[in-house]
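J.: One structure is given below, represented as structure tokens, and several questions about it will come after.
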Amino acid sequence: MPVARRWAYLDHAAVSPLSEPARHAITAWAEAASTDGVIAWHAWAEQVEQLRGLLARLLGASTEEIAIIHNTTEGINYIAEGLDWRSGDNVVTLADEFPTNQYPWLNLAARGVETRRVPTNEGAVDIDRLAASMDRRTRVLAVSWVGYASGWRNDLERLTDLAHDRGAMIFVDAIQALGVAPLDVRKTPIDFLAADGHKWLLGPEGAGVLFVRREHLERLRPINVGWHSVVHDHDFQHIELRLKPTAARYEGGSQNMVGAIGLAASLRLLLHYGPEAICQRVFEITDGACQRLQQIGARIRSDRSPQHKSGIVIFDPPGGNPETIRNRCRQRGVVLSCRGGGLRISPHAYNDASDIDRLIDSLNR
């Protein structure tokens, strides 16, 4: 990770720096794009398909269930706009979800769909309260795997069981955990998932993943349909709406190939170590950081119990305004964010004790 040469980079929940393999892949793409142009297109397309396979491997899914999209917002809108809603239906979500996992559902109000926003206790999710908000007209339970402003990691198995027991489907915004926490969609049968690649997956912005469980492909009306959506996608003279029998039907037009190529390079790096090992390492780093922070008088807001902790830690600094402290930390080479009313660190597996030393030193100063 080239960023480690200069920064104690503890802000992967915001925008991640690129890995060295991603930088090389993107540089090679730029060279080919400038010297060969369309001659290199088919080689790029093959690399995009390799990304589809890598994402399927990461999730335990089939490649037919994977669409390569631009961002989480796009993925959520494919679900929100594609389902056959009826007036009186409802969606249940959390009141402190990131806006992307609220606005597409709220946008369904004109179609008579209610969005029920269930409060949390400083990020802590009460499953009984969620259950009480659901009824026979609940079509979707929409939740984040990890809360961006709390670090609370949801138990996806319990939430999936809850949704299915109530006759609903579950959508997971996985952007704050995918790549650094294991998930097998065969063992945890979520219905839909979306995530960007520019956070924990160490990829560039503009490339992400949408997972649609195979049995839902026909019930989800495709939007943004284009030349890439049909089985004869390269036969431009043949106009017939025969949609691909896979999630690739949601990839309507030209793709962000350079973004996909960069993401694939980082994903190979992550899969080399595996989500289980990376998750263990991230927990070691964040547990150590919490201990050090408490020693200097910081208050840890994030739940650090084994079943709910994540790579995100929100804390109140021992003194001063969080934004002022964040800016001063950056001046000293430490990158972190302000979220949830406090400071947020989100280290990755490559961070080490020296990065936490720099954080503590900056806070002490």
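J.: Of the numbered conditions (1) over 18 Å from the mean Cα position of the chain (by Cα); (2) closer than 22 Å to residue 314 by Cβ, residue 110 fails exactly one; give the number of that condition.
T.: Tallying (1) over 18 Å from the mean Cα position of the chain (by Cα); (2) closer than 22 Å to residue 314 by Cβ, residue 110 fails exactly one: (2).
J.: Now for a separate question. Identify, from the list 342, 297, the residue that is touching a strand residue (DSSP E or B) at 6+ places or on another chain (Cβ under 7 Å) and farther than 22 Å from residue 1 by Cα.
T.: 342
J.: What tally of residues in region 81-121 results from selecting those that are in contact (Cβ under 8 Å) with a residue 60 or more places away in the chain and surrounded by fewer than 22 Cβ atoms within 10 Å (Cβ to Cβ)?
T.: So the answer is 7.
Read-outs throughout are calculated quantities, based only on the coordinates presented, and are distinct from any laboratory measurement. Quick caveat: nothing in here was measured; it's all calculated off a predicted structure. Glycine gets a Cβ as well: all are built from the backbone with ideal geometry, and neighbour counts include every protein chain shown.
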